[in-house]
1. Rg (Å, one decimal) plus Dmax (Å, integer) for the alpha carbons of chain A?
2. Grab the alpha carbons of segment A:1-56, take their convex hull, and tell me the volume per residue in Å³.
3. Can you pull the Kirkwood radius for segment B:218-312, inverse mean 1/r over Cα pairs, to one decimal in Å?
4. How well do other chains shield peptide A:87-94, expressed as the mean number of their Cβ atoms within 10 Å of each residue Cβ?
5. Can you tell me which of B:310-321, B:53-64 comes out highest on packing, and rank the rest after it, using the mean Cβ neighbours within 10 Å?
6. Going by a ≥ b ≥ c, the root eigenvalues of the Cα gyration tensor, does segment A:9-93 fall in the rounded group (a/c under 1.5), the prolate group (a/b larger than b/c) or the oblate group?
7. Starting with the fewest neighbours, write out B:VAL346, A:VAL279 ranked by other beta-carbon atoms found within 10 Å of each beta-carbon.
8. Check each of the trypsin sites (Lys or Arg not before Pro) in segment A:1-52 and keep only those in coil by DSSP with at most 15 other C-beta atoms within 10 angstrom; list them in order.
Amino acid sequence: MFTELNSILNITPDNFKQGEFVLISDRHTDGSFLIHHFLSFYLRARCKVCFLGLVQSFSHYCAVSQRLGVSLVQAKEKGQLIFLEGLKESLSVLIPKEPNTGSQALDFLRDPSAGLRSLYEFVRASVSHTGGVEGVEGVEGGVEEWGPPVLLVDDLSVLLSLGVSVGAALDFSHYCRATVCSQLQGSMVMLVRCEAEEEEDDGDEEGPERLLKGLTHQCSLTLQVQGLPTGYCRDIHGQVEVCWRNRHGNGQQMQKKLFQYKVHDKSASFFARGTSSAVL
Amino acid sequence: MAAPMKSVGSKLSVERPAFTTTSFQKKTRSKLVSIPGTRPSVQNGQLIVSTGVTSLDYLLGGGLAVGTLLLIEEDRYDSYSRMILKYFLAEGVVCRHELFVAAVQESPDDILQELPAPILDDIAIHKPVEQHGLPCGPQDSLDSMKIAWRYQNLPKVQSALASSSRFGHYYDVSKTMEPEIRQAANCHRFYFPEHPTQSSPTQSPMLESYSALLKSLQEVIHKGGFDGAAPMTKSRNILRIGLHSLGSALWGDDLCCRDNPRHSHALTTFLYGLRALLRSSLSVAVVTLPSHLIQNRALMGSITRLCDNAISLESFKGSERETNPLYKDYHGLLHVRQVPHLNCLVSELPDRKDLAFKLKRKQFSIERLHLPPDLSETVSRVSRGELAGAAMPGSACGSSTSGNKHLDF
């Protein structure tokens, strides 16, 4: 959890808006540090978290969260965290041995044209249990209650690499938003990684760019991580554009802020443009 | 395995006897790592292996982390990328790791026969390395400077990338490895044209060639005990996987031939499966890919995303840069496309991204790109501009020089 980012977004683990759909996108650089931020944030906020880790192993997320002061293993044991390890599950589908061994969640790997229904079913099953039913015995023997559900997806765009169409991925996110954000008043965070070059002549645009446009239309807050336009720098890792959309407010109100950032070993610092300690 | 070693290390140092006189203790990490040819990374405690190229190790932050994948985008003639692959395999032979080589263009044995010869004598190798360290430093005969003596105490410029401690071995690319050493290595070969094909009934998006490769990789990993399932009592080893020219047409992939390939998800799905295998086992892979043939840049981007490290080689061979005097010291440029983020928030970034490589008589090395000093007597800004402009085609050359002359007063 990066406290500087919390103050930018004006949220704390005790007080945050519900029903939000946060979209993280990155270009030219790696934006996954924000996923780690939100993972540790919502775990500290005592939310029930469903994490679809499609691009890294559980031990990776575990090691990073340890540095951020949250134990994923404990959270998993307590029933607070439900973790889908895409890499591990995919092997049984990609290299089939005996039929029907793997989990159903990654059925789209068998036949990508079938869509992401099974993955959505997994999400719905894991978030829709109320804390009282799902929660296991706490330390005192009581049952732990968890707050509103949160869905985190590390890299929705990897689904496109696995053959899923953009339309199916957008359907998936729409269904998830309807269930998690609207019905259960929870939150949702998704990461989409785009290509390095932004294509100007998009006649028949496919792939992550189209996915990003579709998700930007759905979400309530976007964090766009980009490399520096002037090129690579050792002391500033890139810039992040924070953009709030007020759907229910008065009209087309939109607020934008631009920060530069640097990721450290256990945190990240955000600062206004040109005020890095390297230049001042 | 892709797990940090730090916590275990601190536990060990606690268990040490209490009667030592000083509180300062050397952390005994060497106890943990019993696999030859590996060591924990200085930055994040990750278990790493050497690629065989010292300067490449430095560039990757010490070496390749076990459980990760290095993508090399081939240069146009596949001469230098193939060389790095051979270095990687040769290092595996010397460290007694197991090898897995897959190829389609020629038999994996052809690649294995060309492995560079290791220089195993420590004293013999030290000299050439020191010489290459200071390519632009003063000559030995000029021990004391006659003029400009103030510069004598300045630190010498070191353009070749090198770390302070040595990791990995040195190789002589002018000779090939002796067959006895080579045959001692336990090597698995995957030659797709000779591989028995079985038609798979599933509607998987992967191609037959890729799923056969993935399957045989999994078998090797399982039989060799490289996955976590093997009992801990058995001595552990590393599996080095070298996949040559993945995505080329001979794999049955039309990635390189069309703008909108039919099997556009075949390679990315394979890489996803490969990543899953690597992350759950003690193995490390190097993949070369003819990226200059792939027209679809979006596809190339998603391929890069599924690898951990990605570098691309741009050889000067056959391009007009070959004759450009600015690049006369080098054989090509090296671009770092991606650095790994594994088990840490921030990864060690290279301090500069302008890198070039060259192949000396016996050694391949990566250096920071710098322009040669202009030593001619009539040197001036104008002549530098002409020098750079001379490599351009006719009309551009004329305009650039005339533009410079206009500024000259």
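1. 19.0, 62
2. Dividing the Cα hull volume of segment A:1-56 by its residue count gives 101 Å³.
3. 14.6
4. 6
5. B:53-64, B:310-321
6. The shape class here is oblate.
7. A:VAL279, B:VAL346
8. Filter output for segment A:1-52: A:LYS17.
Each value in this text was obtained by applying a stated rule to the coordinates, not by laboratory testing. Small disclaimer: the values here were computed from a predicted structure and weren't measured. Every residue, glycine as well, gets a Cβ built from its backbone with ideal geometry; the counts of neighbours run over all protein chains shown.
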